[in-house]
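The structure follows.
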Amino acid sequence: IGNSDVFINSSTGLYIQGLTVKTSLGDKKGRDIAFQDRGNKTIMKDACLWGYQDTYVSNGDKSKYYFEGGVLRGCTDFLCGKGDVYYNRVTLRQVKGGYLAVPSVAKKYGYIFESCKIIGDTEDVNGNYTLGRPWGSGTPIARFINTEMEVAPSPIGWSEMSNGWPAQFAEYNSHLSSGTVVDLSLRKKTFGDGHANNPVMTEEEAAEY
């Protein structure tokens, strides 16, 4: 389907399994939303959403969403929006030079990535993208826990966006596919006009999620 917003959900309790939604707008052609989710309590298991910009949009600041397994692919802000989204063991397929997660207003927890794997669309993705950027002032949350990075982001880890800043952008136990723990010492610690960010979670903090 060539238009953006290929699939729109406004319901509560939608369950999807094994579905593939792939846009045909083409890379670098603008927003090509595979799934615009205006619902609540959406569950997606072993699904594939394939786009470039804004592939999946969680569009409810009081809503919660859950992904398990499957593949989510894109480049620019390809997982973006509001509410709480729990990504459990999802393969995140990153196109070169983009931003993975761009959360806005969290319900409570924001974007939580648990035991996910980041792979590259091409071999030169390694070191040429960031885990995300803040879409808002003091509200965005993104936490990557036990992430396997077949391709790693740039050392700074996170990017700026419109002078915004996160409530927290952080990681715990990010590691390469070889098992080597990723060095987080250069991760971004300030955003906007000097707003502080703690980019490293403790084991105890990670266990809360």
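The values are calculated or read from the model by the stated rules, or taken from the named source; none is laboratory data. Just so we're clear, the structure is a prediction, and the values are computed from it rather than from any experiment. Note: ideal-geometry Cβ built from the backbone for every residue, glycine included; neighbour counts use all protein chains shown. Keep in mind that these areas ignore ligands, DNA and RNA; they rest on the heavy atoms of the full protein, side chains included. Shrake-Rupley method; radii C 1.70, N 1.55, O 1.52, S 1.80 Å.
Only Cα pairs within less than 10 Å get springs; with that Gaussian network setup on the chain, which residue of G164, G74, G13 has the largest fluctuation?
So, out of G164, G74, G13, the one fluctuating most is G13.
Please identify, among L186, L176, L79, the residue showing maximal mean-square fluctuation in a Gaussian network model of the chain using a 10 angstrom Cα cutoff.
L186
Which pairs, out of K22/K188; K28/K82; K29/K64; K28/K62; K45/K96; K45/K108, put more than 28 Å between their alpha-carbon atoms?
Over 28 Å apart, Cα to Cα: K22/K188; K29/K64; K28/K62.
Using a 1.4 angstrom probe on heavy atoms only, work out the carbon and sulfur share of the accessible area of the chain in %.
Ligands and nucleic acids excluded, carbon and sulfur reach 48 percent.
Less than 12 Å from a label point 7 Å out along the Cα-to-Cβ axis of N146: which backbone N atoms in segment 61-93 qualify, by residue?
88-90
Only Cα pairs within less than 10 Å get springs; with that Gaussian network setup on the chain, which residue of D121, D27, D183 has the largest fluctuation?
Of D121, D27, D183, the Gaussian network model singles out D183 as fluctuating most.
Sequence-distant or interchain residues sharing an amide H contact under 5 Å with K45, placed H: which?
Close amide H contacts, sequence-distant or interchain: I16, Q17, G18, E68.
For L100, L14, give me the order by solvent-accessible area with a 1.4 Å probe, most accessible first, ignoring ligands, DNA and RNA.
Sorted descending by solvent-accessible area, the residues read L14, L100.
Assuming 0.36 nm per residue, please report the length gained on full extension of the stretch T202 to L176 beyond their Cα-Cα distance.
7.5 nm
What ³J(HN,Hα) values, in whole Hz, does the Karplus curve 6.51 cos²θ - 1.76 cosθ + 1.60 give for segment 84-91 when θ = phi - 60°, with x put for Gly and Pro?
9, 10, 10, 9, 10, 6, 9, 8
Can you give the FRET efficiency to the nearest 0.05 for K41 and T190, using r as the Cβ-Cβ distance and R₀ = 25 Å?
0.10
Mind checking the per residue accessible area of the chain for me, 1.4 Å probe, whole number of Å²?
Per-residue accessible area for the chain comes out at 43 Å².
Sticking with this one: Report the accessible area of E204, computed with a 1.4 Å probe over the heavy atoms of all protein chains in place, in Å² rounded to the nearest 10.
Looks like 130 Å² after rounding.
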